[in-house]
1. Being touching a Phe, Trp or Tyr at 6+ places or on another chain (Cβ under 6 Å), surrounded by 17 or more Cβ atoms within 10 Å (Cβ to Cβ) and at pLDDT 95 or above, is that true of even one residue in the range 304-317?
2. Here are some residues: D136, D152. Which one is touching a strand residue (DSSP E or B) at 6+ places or on another chain (Cβ under 9 Å), in contact (Cβ under 8 Å) with a residue 40 or more places away in the chain and farther than 17 Å from A65 by Cβ?
3. Which members of the range 239-267 meet the condition of being within 29 Å of N86 (Cβ to Cβ) and either touching a residue at least 40 places away in the same chain (Cβ under 8 Å) or not assigned by TED's automatic domain parsing to the domain that holds K229 (or both)?
4. Residue by residue through the range 292-311, note down the ones that are farther than 30 Å from N353 by Cβ, touching a residue at least 60 places away in the same chain (Cβ under 8 Å) and under 30 Å from the mean Cα position of the chain (by Cα).
5. State which residue is farthest from K85 (Cα to Cα) when the search covers only the range 268-292 and only residues that are part of a loop (DSSP other than H, G, I, E, B) and among the acidic types (D, E).
6. So is N443 under 33 Å from the mean Cα position of the chain (by Cα), in a helix (DSSP H, G or I), at pLDDT below 90 and not basic (K, R) or not?
7. I'm trying to understand the selection: among the residues of the range 156-186, which are under 30 Å from N40 (Cα atoms), touching a residue at least 40 places away in the same chain (Cβ under 8 Å) and not in a strand (DSSP E or B)?
8. So Q379 passes all but one of these: (1) touching a residue at least 40 places away in the same chain (Cβ under 8 Å); (2) on the phi < 0 side of the Ramachandran plot. Which condition number does it fail?
Amino acid sequence: MTAKLVQGYEVVIGFETHAQLSTNSKIFSRASVAFGAEPNTQACALDMALPGTLPVMNKGAVERAIQFGLAVNSHVAERSIFARKNYFYPDLPKGYQISQFEIPVVQGGEVSFYLEEGKETVRKTVRLVRAHLEEDAGKSLHEDFIGQSGIDLNRAGTPLLEIVTEPDIRSSEEAVAYAKELHKIVTWIGICDGNMQEGSFRCDANVSVRKPGQPLGTRREIKNLNSFKFMQQAIDYEVRWQIEEIEDGRAIQQATVLFDPDTGETRAMRTKEDSADYRYFPDPDLPPLVIGRDWVERVKGEMTELPRVMAERFVKDYALPEYDATTLTQSKAMAAYFEAAAKACGQPKLASNWIMGEVSRRLNAGEIGIEQAPVSAAQLAALIGRISDNTISNNAARQVFEVLWTEGGEVDAIIEAKGLKQMNDTGELEKIIDEVLAANPKNVEEFKAGNAKALNGLVGPIMKASKGKANPAQVNALLMKKLG
């Protein structure tokens, strides 16, 4: 598919995402990684780089990296190397960060997702370059500490998995869709809590523009995007800014930039380094990380069913379209809700339609997750059952759902209390139809003359006379029979 152009330019985006791994302790020490502790209360001698301390690998961090590699069809390296990434910053007490460079633990892989493009739903795949283990740095606090900044080393040594893509993304919409899918994967398999506000899932977008067919342009890296909304705003602004610079005859300088949500603008923080600037070399204090195939197989056997596997099962077991199955597996909770409703009502497609439609609309309006939905899967299944057995119409079902969502209760009790049962007595319905036909001879003549739309002028009065209780399908069938 041809990439969408912005003012004649192609947008090229690559992502680097730092997912904080869900271990209880740090990657090379036993210090806690719990969020929100008082500054420097969770920094041990190793985290503070005191002389004589040596790092010891956290096995749990390695297993989470293996899980991720399996989840995205990557190659999990049997042997990988830790390296020292050298740079000087106040919150990096060692003067280097332990990371991986030439041989990362996870190599290759891909992340696929669906994207709405006009009236089409398009499947997009972003290739991954690598995912490597590394330690986080501390945090600089710029409150006024007697005219100085402060340093909090609680985060120093927190285990991260840095996930790097190829420059396959071509718009801010694609970038957000990719980030959401990646967020879903790491939270689904339980290797990261995904809390963007606390910095557990931080995205950096490398953005450049070029004329179609030209070499890649100079990129600028937008750092630490901590919400999907800001991500799209930041990328859109950066794209416009770069195009304006080029059109005005100025060259783009490689740089690291920050997004200011108050102004909606990006601003340069520092010139962007290349890998040579970090003077990587193998860390002499850490031996190579060796991962046997038996270890990988054990981790694989203990993993939860992956979202893409579950989606394939939904297509096979419930005869759902691929789009429905993918949408319903956006979260474990949503998938579980669907399965419970589908099994209870025996109408999986109807359950899918209600969850993707009315239920999702209500969740979005209330800004809540499916876990907080006031209508349970069992209640939804009961409602769908009453539609299927023609007890109520679709319109009446929406009224029942409204009561369930806002007040609670039982489906049958609400139907009785509001008098919403469909009229299924053919004799009573035929009597109403005969009266409406007698009162609307013009519509009858027009329909018999070939004007199909004249039927609408008869259905409306019939439904009104039945107080909305007539079965629309039954009404149409009896009308067609009586009108020949």
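1. no
2. Answer to the selection: D152.
3. Once the filter is applied, which keeps residues that are within 29 Å of N86 (Cβ to Cβ) and either touching a residue at least 40 places away in the same chain (Cβ under 8 Å) or not assigned by TED's automatic domain parsing to the domain that holds K229 (or both), the range 239-267 yields I252, T266.
4. W295, V296, V299, K300, M303
5. Filtering first and then ranking leaves D285.
6. Taking the combined requirement at face value, the residue does not satisfy it.
7. If the condition is that a residue be under 30 Å from N40 (Cα atoms), touching a residue at least 40 places away in the same chain (Cβ under 8 Å) and not in a strand (DSSP E or B), then A156, G157, T158, V186 are the ones that fit.
8. With (1) touching a residue at least 40 places away in the same chain (Cβ under 8 Å); (2) on the phi < 0 side of the Ramachandran plot applied to Q379, the lone miss is (1).
The values are calculated or read from the model by the stated rules, or taken from the named source; none is laboratory data. Since we're looking at a predicted model, the values are computed, not measured. For neighbour counting, all protein chains shown are included, and Cβ atoms are generated from backbone atoms with ideal geometry for every residue, glycine included.
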